[in-house]
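One structure is given below, encoded as structure tokens.
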Amino acid sequence: GAGVSQSPRYKVAKRGQDVALRCDPISGHVSLFWYQQALGQGPEFLTYFQNEAQLDKSGLPSDRFFAERPEGSVSTLKIQRTQQEDSAVYLCASSLQTDQPQHFGDGTRLSIL
Amino acid sequence: SQQGEEDPQALSIQEGENATMNCSYKTSINNLQWYRQNSGRGLVHLILIRSNEREKHSGRLRVTLDTSKKSSSLLITASRAADTASYFCAINYNTDKLIFGTGTRLQVFP
């Protein structure tokens with residue numbers, strides 16, 4: 001289908017390892033968002049891109065979190081030196097413009113042991 | 001916190017009944033959106049209502065917005081077992097990002 005695709009669907013890593021999560025948005029969508037969702041909670045905003053520009057990264061929990069979207073399409077969320085509290089589902093969403101409905105991928109479930 | 005507060009946290013009903021869930025927020029908004037999330041899946045957009053709108057419909061869904069009370073409600077009529085999911089309001093506070101509420105877990109029994 002032509003929806004938002006995220007990979008991997010599940011990722012298990014040992015504490016201290018680095019991980020990279022990929023998001024492939026809907027073609028032509030200018031805006032791309034990353035969210036973190038803890039079990040039983042609503043998604044929490046991490047960062048936002050408009051094309052290749054990262055316009056808001058106010059939700060990133062620490063400097064261990066880094067996101068990029070170098071060509072304005074695929075985006076990668078990287079977490080360095082993972083800690084147990086990083087365990088969550090990471091959701092990616094894209095939209096035509098910022099005030100339009102967002103289309104979500106199924107997320108990556110990250111477990112840090 | 002600007003997070004939307006939703007109630008109830010959980011709701012159990014029989015098929016055919018109506019389900020109403022509410023969302024309250026803090027300051028002026030650009031728009032408010034409702035999303036559904038099935039277990040283990042991403043969120044699916046349901047309805048977007050702008051600050052100058054009072055009511056919107058989509059199939060069995062009706063959303064109202066009361067800016068004087070800073071609240072919105074989502075009504076699902078004639079519910080079906082397939083409506084079982086978590087429902088979230090998401091608020092756009094005149095910025096680029098959405099602030100999601102705490103969610104309502106809806107269980108519809110056949």
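Measure off, as a whole percent, the carbon and sulfur share of the 1.4 Å-probe accessible area of chain A, all protein chains present. It would help to have the intermediate numbers written out before the result.
Details: 2520 of 5610 Å².
Solvent-exposed carbon and sulfur of chain A make up 45 percent of the total.
Considering all projection directions equally, how large on average is the shadow of the alpha-carbon convex hull of chain B, in square nanometres?
Here the figure is 6.5 nm², rounded to one decimal.
Kindly sort B:H57, A:H103, A:H29, B:H45 by accessible area of their heavy atoms, largest first, with the probe set to 1.4 Å. Spell out each step's value before the answer.
Numbers: B:H57 125, A:H103 85, A:H29 20, B:H45 50 Å².
In descending accessible area the options line up as B:H57, A:H103, B:H45, A:H29.
Sort largest first and round to whole Å: the equivalent ellipsoid semi-axes of region B:61-110, each the square root of five times a Cα gyration tensor eigenvalue.
Working: eigenvalues 122, 38, 13 Å².
Equivalent-ellipsoid dimensions as semi-axes: 25, 14, 8 Å.
Could you tell me which of A:F104, A:Y35, A:S87 has its Cα farthest along the dipole of region A:5-112 towards the positive end, charges placed at Cβ (Lys, Arg +1; Asp, Glu -1), taken about the Cα centre?
Final value for the positive-end residue is A:S87.
Can you tell me the length gained on complete extension of the stretch A:F66 to A:D18, counting 0.36 nm per residue apart and subtracting the Cα distance?
Values: separation 48, 0.36 × 48 = 17.28 nm, distance 1.10 nm.
Separation in residues times 0.36 nm, less the Cα-Cα distance, equals 16.2 nm.
For the protein assembly as shown, what mean projected area does the convex hull of the alpha carbons give, in nm²?
Numbers: hull surface 48.8 nm².
Orientation-averaged projected area of the Cα hull: 12.2 nm².
Suppose every Lys and Arg Cβ carries +1 and every Asp and Glu Cβ carries -1, with no other charges. What dipole size does region A:5-112 come out with about its Cα centre, to the nearest 20 debye?
In debye, rounded to 20, region A:5-112 gives about 480.
What accessible area, summed over both chains, is buried at the A-B interface (1.4 Å probe, Å², nearest 100)?
Numbers: alone 6420 and 5980 Å², together 10770 Å².
Accessible area lost upon association: around 1600 Å².
Per residue, what volume in Å³ does the convex hull of the Cα atoms of region A:5-112 enclose? Show your work: numbers first, answer last.
Values: hull volume 9.6 nm³, N = 108.
Taking only Cα atoms, region A:5-112 has a hull volume of 89 Å³ per residue.
Tally Lys/Arg at +1 and Asp/Glu at -1 over every other residue whose Cβ is under 10 Å from the Cβ of A:P8; what's the total? Present the calculation step by step, with values, prior to reporting the outcome.
Details: positive: A:R9, A:K11, A:R22, A:R109; negative: none.
Every neighbour counted, the sum reads +4.
Of the listed pairs A:K78/B:K97; A:K57/B:K56; B:K26/B:K97; B:K56/B:K97, which have alpha-carbon separations greater than 24 Å here? Present the calculation step by step, with values, prior to reporting the outcome.
On the way: A:K78/B:K97 20 Å; A:K57/B:K56 32 Å; B:K26/B:K97 16 Å; B:K56/B:K97 22 Å.
Pairs exceeding 24 Å: A:K57/B:K56.
The values are calculated or read from the model by the stated rules, or taken from the named source; none is laboratory data. This is a predicted model, so every value here is computed, not measured. Neighbour counts run over all protein chains shown; Cβ positions are idealised from the backbone, glycine included. Surface areas here come from the heavy atoms of the whole protein model, side chains and all, with no ligands, DNA or RNA. Shrake-Rupley method; radii C 1.70, N 1.55, O 1.52, S 1.80 Å.
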